[in-house]
Amino acid sequence: MKIKFPLMIAVLSWALFSCQPTVKKSADSIDAKVDSIVSLMTLEEKIGQLTLFTSDMDQTGAFIRKEYEEDIKQGRVGSIFNAYGAEYTRKLQKMAVENTRMKIPLLFGYDVIHGHRTIFPMPLAEAASWDLEIIEKSARIAAIEATAEGLHWTFAPMADVSFDPRWGRIIEGAGEDTYLASLISAARVKGFQGDNLSDLNTLVACVKHFAAYGASQAGRDYHSVDMSERMLREVYLPPYKAALDAGAMTVMTSFNDLNGIPATASKYLMTEILRDEWGFEGFIVTDYTSIMELMYHGVAADTLEASLLSINAGVDIDMQAGFYNTALTRLVETKQVDEELINIAVRRILKVKYLLGLFDDPYRYSSTEREATEIMTPEFIETARDVARKSIVLLKNENQLLPIDPATKTIAVIGPLSESRRDLIGSWSAAGDWAKSVTLLEGIKARVPNARILHAQGCDIDGKSKDGFAQAIAAARQADVVVLALGEAYWMSGEAASRSDIGLPGVQQQLAEAIHATGKPVVAVLMNGRPLTINWLDENIPAILQTWFLGTTTGNAIADVLFGDYNPSGKLPVTFPKNVGQIPIHYNMKNTGRPFDANNKYTTKYLDVSNEPLYPFGFGLSYTTFAYDEIELSKSSIGLEETLTVSINVANTGDFDGEEVVQMYIRDKVASVSRPVKELKGFKKINLKKGESQKVSFEIGLEALSFYRADMSFGAEKGDFEVMIGGSSVDTKSASFSLK
Ligand code: NOJ
C-alpha cells in the first residue's frame, strides 16, 4: 500500500511527538510542535478539534447526539464530555487515535463541580467555610478522583457572583461578594490544576460562565443581563479574572446576553476583555448549544451566521451545537472566515492536550489501577466530612439549646429530609453515588448509639399531604429534643431550577408549626441550595442550623455539630432576605441620596418590610462567643504608596474552643462615584481556645482602596475612609483614616 505524502508526514510527526518526554517542555518547543501538527491538518480535521460533543453516559443539556462514536472515528470531534471511567474513556480514545489520520487524542470533560465520586458540599456551602485551604483541598481530591477515571477537564469553577437567591445556580458559586468569590475561584483552580499540568492527577479548569450569568433578570435562568460597565467591571468580572490569574486554562461562555449581545457572540467579552486586556492564552468553549441559541436570541438567522458571529467573537470550541462542524468549511471557502482564525483556535486546544501529556500517551489518564485505588479513600471521606462540618452555619441558638448533650435519652428525628439520601449530594453531583451518602438519621444514630431515636418523616418535601403529621407529633411528644430536617429537594436548585417563592416548599412550615406546638425544644436542620425566606422559623424555632447540601458525609458532619464534637464556624457568603420583594439585597449596597430614617417618610424603604435582611452576609454564630476590642491603626493617614496596618484584639469569651472568621470592610466616604456602604477587603479565620485572645492584623494598601472612578480609570482617590472589623457584615467596630 502506498502511503500518501501528507499522511506520511503526519505519521512521522506523530512519532516525533510520541518520543517527547512528558515534563518541563519549554513554551517555544510546545508551540513549534503544535504549529507543525496544525500545518499538517486539513480544514475538516481542524474544525473537528473545535467541536465538543457529549456522550450519552450522562445528560447535562437538552440535546444528545447519538452518533458521537462515529463522529470520533471520523475526526469530527476533538473533545468529549459526560464520559468517564478508565475503560470507557480508553475505548473512546482508541477510536480517535486508531481511526483518524492525525491520531490526535480526545480531551474528556465533565462537570466535576463539588467532587467526583466523593461528593463535597455544594460550592455555596463550601464558600460558607471561608476556608481557602480546605476549598482548594476539596478541588484537589475531586481532581484526583476524576483523572483516575480518565477525565482531563472540568467545567468549574463557576465564578458567577449573584445577588439573587431565586436563581437556582446560586448554589454553584461563592455567593454575593466579589472579593470572597475571587479568592475562592482562585483556590478552586489551584486545587483542580495542581502544580503541573503534566502530572497524572491534574484536571484542567474551566472558568464559567463568562460573563455576568449570575445577574440573569429576576433570577430566571438563561434570562437577559443588562448592566453598566462599572457594575460589570467592579462586581462581576474580578472572580473570573482571579481564576485566570490562578492559571485556569479554559473559559466557558455564558448563556445570557449582556446588554443585548449574547456572550457567545460577544467580541467585546471574548476578545477585547479576555484576550486583549487580560492576556488570556487558553481556549474558550461555549456553553451547551450556545452557538445554536444565537438564533433564538435573535442575533443570527441561521447556522452560518451564528457560527460566524462566534468564531469572530473569539470562541474556540462549539459545545454540542455542531454548528462549527456544519458551517466553518463553507465560511472559509467563501472567505468570510480566514483559515488562520481557525488555526489559532486549534493551536490553543492542541496546546492544552500537549501540556496534559496526551500526545505522549493518549491513555495516560485512563488507568484501571488508579481507578481502583484512588477513589473514595478513607482519607478523602474524612476530608469531605471536615469540609462539610466547616460549611455549616449556625443561624440561631437560643438559650444554648445546641450542642445537644450526647447523654440525652430520647431524640426525635423528624422531617422530609431526615432520611433523604439522594438530596444530600445536591445538583451537579458528577459521578457521585447518592446511595453512599450518610443520612442525618444514620449520622445521629451512629453518634449516640445508646439514645432512643424516634423517627418520622412528617411530610414530603414538596407535597400537600399532612397525613404524616400525627406520627411526627407523637414522636416529638416522647422526645427530650427534636431534630427537624427541612428544606429543598436537590432538583430545586442548580441549572434550570429557579424559584419565584423561596420559602419552605410544600407543607413543611405547617409541620414545623405542629412540632413547635408540642412545646418540645426543636433544632431545625435546613438542607437547601439557596437562601430561603424562613421568617417563621427564625421567630419561633430556638435553634437553626444551615447545612445546605453537604455531600457524601452529610449525616456524620451534621452530627459532629449537633453534639458539639465540632463547634460551627461557617459564615453566610450570601444574604438571606426576608421576602423575595427585597431581592436584590446584599450587604454592599449604596447609601442612596435618602438613606433610611424611620422618622422620615421620604427615605429609602418599603411600607411592608424592613430594609434589613433576615440574616446578613458574613453572619454565623458559634457555641462560644467572641469579643472584639477597638480597632488600632498604625497611622491615621497614608500616602498613595504606603500601607496601613489595622489591628484588633479578638477574645474567646465563651465556654467552647472555636474558630472565628474576622472580617474587614472598607467604606470610601466621599468619592467621584457613590461607593457601597461597605466592601469586604480582607478576612482571617482564627482558632481560639476558650479564654484565649489574639491580635488580628490586616494591611490596607492602594488595591483595597481602588475602584473604577468617574472616568472609568481604576485607582484610589484621596480622602477619608472608614474601616470596619467584626464577625459579620453588620456587627463591626469601626475607625477612620485618610488617604493623602
Ligand atoms: C450547561 C451548564 O450551564 C454548564 O455549566 C455546564 O458546564 C454544561 N451544561 C455542560 O454540562
### Task
Report whether or not residue 139 is outside the structural domain of residue 51 (by TED's automatic domain parsing) and within 16 Å of the ligand (Cβ to nearest atom).
yes
### Query
So which residues in region 58-77 are within 13 Å of the ligand (Cβ to nearest atom) and either loosely packed, with under 15 Cβ neighbours inside 10 Å or within 20 Å of residue 45 (Cα to Cα) (or both)?
59, 62, 63
## Note on the structure
A careful count of residues in region 683-718 that are farther than 19 Å from residue 230 by Cβ, of a type outside the set (A, V, I, L, M) and part of a strand (DSSP E or B) gives 10
### Number of positions in region 240-297 that are more than 13 Å from the ligand (Cβ to nearest atom), part of a loop (DSSP other than H, G, I, E, B) and over 13 Å from residue 309 (Cα atoms)
11
### Query
Looking at 519, 506, 529, which is the one that is assigned to a loop (DSSP other than H, G, I, E, B), of a type outside the set (D, E, K, R) and without any contact (Cβ under 8 Å) to a residue 40 or more places away in the chain?
519
### Summary
With criteria (1) modelled with pLDDT under 95; (2) within 22 Å of residue 351 (Cα to Cα), residue 61 comes up short on (2)
### Query
Could you list, in sequence order, the residues of region 154-178 that are β-branched (Val, Ile, Thr) and not in a loop (DSSP other than H, G, I, E, B)?
154, 170, 171, 178
### Query
What single numbered condition from (1) more than 16 Å from the ligand (Cβ to nearest atom); (2) surrounded by 19 or more Cβ atoms within 10 Å (Cβ to Cβ); (3) under 34 Å from the mean Cα position of the chain (by Cα) fails to hold for residue 344?
(2)
### Message
Of everything in region 142-171, what is under 30 Å from residue 90 (Cβ atoms) and within 15 Å of the ligand (Cβ to nearest atom)? Give them in sequence order.
### Response
142, 146, 151, 152, 153, 154, 155, 156, 157, 158
### Query
Out of the residues in region 41-57 that are part of a loop (DSSP other than H, G, I, E, B) and more than 14 Å from the ligand (Cβ to nearest atom), which is nearest to residue 104 (Cα to Cα)?
41
### Query
Can we say residue 189 is within 16 Å of the ligand (Cβ to nearest atom), hydrophobic (A, V, I, L, M, F, W, C) and outside any helix (DSSP H, G or I)?
no
### Task
Just give me the residues in region 204-221 being crowded, with 17+ Cβ neighbours inside 10 Å and assigned to a loop (DSSP other than H, G, I, E, B), in sequence order.
205, 211, 212, 216, 221
#### Entry: Check on residue 198, more than 15 Å from the ligand (Cβ to nearest atom), out of contact with any strand residue (DSSP E or B) (no Cβ under 7 Å at 6 or more places or on another chain), not hydrophobic (A, V, I, L, M, F, W, C) and not in a loop (DSSP other than H, G, I, E, B)
no
#### Entry: Subset of region 633-655 (residues that are touching a residue at least 60 places away in the same chain (Cβ under 8 Å), in contact with a Ser or Thr (Cβ under 9 Å, 6 or more places away or on another chain) and either surrounded by fewer than 16 Cβ atoms within 10 Å (Cβ to Cβ) or basic (Lys, Arg) (or both))
635, 636, 637
### Message
Take the conditions away from the ligand (no atom under 16 Å from the Cβ), closer than 30 Å to residue 213 by Cα and in contact with a Gly (Cβ under 7 Å, 6 or more places away or on another chain) and apply them to residue 506. Does it pass?
### Response
yes
### Task
Answer yes if at least one residue in region 118-135 is assigned to a loop (DSSP other than H, G, I, E, B) and surrounded by fewer than 22 Cβ atoms within 10 Å (Cβ to Cβ), and no otherwise.
no
### Task
Looking only at region 464-487, decide whether some residue is hydroxyl-bearing (Ser, Thr, Tyr) and within 24 Å of residue 223 (Cα to Cα).
no
### Query
Picking from 180, 92, which residue would you name as being of a type outside the set (Asp, Glu) and touching a residue at least 40 places away in the same chain (Cβ under 8 Å)?
180
### Message
Quick check on this structure: which one of 558, 544 is buried (at least 24 other Cβ atoms within 10 Å of the Cβ), in a helix (DSSP H, G or I) and in the same structural domain as residue 464 (by TED's automatic domain parsing)?
### Response
558
### Message
Any residue in region 201-225 that is within 19 Å of residue 240 (Cα to Cα) and of a type outside the set (Val, Ile, Thr) sitting within a Cβ distance under 9 Å of a residue that is modelled with pLDDT under 95 and within 12 Å of the ligand (Cβ to nearest atom)? List the pairs, counting only those 6 or more apart or interchain.
### Response
none
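The values are calculated or read from the model by the stated rules, or taken from the named source; none is laboratory data. Owing to the predicted nature of the structure, the values given are computational and were not obtained by experimental measurement. Note that we place each Cβ from the backbone using ideal geometry, even for glycine, and neighbour counts take in every protein chain shown.
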